[in-house]
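The values are calculated or read from the model by the stated rules, or taken from the named source; none is laboratory data. In this text, all values refer to a predicted model and were calculated from it rather than measured experimentally. Heavy atoms of the whole protein, side chains included, go into the accessibility calculation; ligands, DNA and RNA do not. Shrake-Rupley method; radii C 1.70, N 1.55, O 1.52, S 1.80 Å.
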Amino acid sequence: MATLGQAREALRNAKTIVCFSGAGISAESGIPTYRDGMTGLWAGQSAQQMETAKAFRQNPQLIWGWYLWRRQHVARAQPNAAHRSLSQLIRRERPIPIITQNIDDLHERAGSVDVVHLHGCLSSSKCFACHRPARVTPVPIQEEGALVEPPRCVHCNGRLRPGHVWYGEELPAGTWKSAVSLVKNCDVLLSIGTSGVVTPAASLPGIALSAGATVIHVNTADVSLDAANELMLIGKATEILTQLCSPLVIAGRAQ
Ligand code: APR
């Protein structure tokens, strides 16, 4: 395990820093990670099973109800100290790009401006049949596991589905290319709260390492890849990022 001092040094010496975040950064805002157990009607299902076209075809009301519940849950959640620490670095220096796998908007609500959403956003919806984007006014969901009939597409009368990327689907055009280009050209990749099991996103730390960057992992579990240029910081994102980012802000050298 690396020390905070080693990680600070790597960040101080870096000309280009890129952040890469996963569900763990929003866990302390009360948003469950993908590997957390599901509750209510969803108990026994995994997020991976629910986020598929097959699951939607089989039970659109269950998937739409889950989607609306998640939108409502995220709308009520607040950015935490980890999101804020990253956004403060951005405010005081040139923006540090954040590549996120998260479909919530907590980085943006913390003030970050340069955020690449690899898997899209929870706020978007589209037609399951014709794929055209659609606007929905979310109805309040009182209980977890509520079954809700999806609204219909104004163009083709198909059912609306969540607009973000599901399992087995391609990432948005251009997004993956931008992410790869960012990590190939950074000196340090700060990777926070991701299990590193879902590809292609999971390959970004490896791409950064191959391009000669240092990868700093911040996670409650050891997710390092056993490479020489890695620094593994084990702990909660809020605690570690608060300590890791503030000296850089003071030194004014994070860019
Ligand atoms: N601070 C830091 N890390 C944390 C914290 C915390 N407070 N809480 C949990 N973690 C870590 C866990 O140890 C785990 O490694 O966050 C990680 C969360 O892993 P996942 O749930 O797998 O989330 P993520 O890696 O973002 O998932 C990737 O999988 O289902 C798909 O599309 C979905 O974007 C998602 C992708």
So who's got an amide H within less than 5 Å of the one on SER191, skipping anything under 5 residues away but keeping other chains? H placed 1.01 Å off N, in plane.
-> PHE20, ILE216, HIS217, VAL218
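Percent relative contact order of the chain, based on C-alpha pairs within less than 8 angstrom and at least six residues apart?
The normalised contact order for the chain reaches 28 percent.
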Cα-Cα separations in the chain greater than 25 Å, expressed as whole percent | 44
Taking each pair of different alpha-carbon atoms in region 145-213 once, compute 1/r for the pair, average those values, and report the inverse of that mean as the Kirkwood hydrodynamic radius in Å to one decimal.
-> 15.0
When the accessible area of the chain is computed with all protein chains present and a 1.4 Å probe, what percentage of it is carbon and sulfur?
-> 50
Please report, for the Cα atoms of region 94-226, the Rg to one decimal and the Dmax as a whole number; what are they, in angstrom?
-> 17.5, 51
When region 156-255 is reduced to its Cα atoms, the Kirkwood hydrodynamic radius in Å = 15.5
Non-local residues with an amide H under 5 Å from the amide H of LYS126, with H modelled 1.01 Å from N and Pro and chain starts lacking one, are ALA134, ARG161, GLY163
In whole Å, how far is the Cα centre of region 199-242 from that of region 55-74?
-> 32
Listed here are the pairs LYS126/LYS184; LYS15/LYS126; LYS126/LYS236; LYS184/LYS236; which of them are more than 29 Å apart at the Cα?
-> LYS126/LYS184; LYS15/LYS126; LYS126/LYS236
Can you work out the base-10 log of I(q)/I(0) for region 54-143 at q = 0.13, 0.17, 0.22, 0.24 1/Å, using the Debye formula on its C-alpha atoms alone?
-> -0.55, -0.83, -1.12, -1.22
Computed curve, region 114-163, Cα-only Debye sum without solvent term, log₁₀ I(q)/I(0) at 0.30, 0.31 Å⁻¹, is -1.12, -1.16
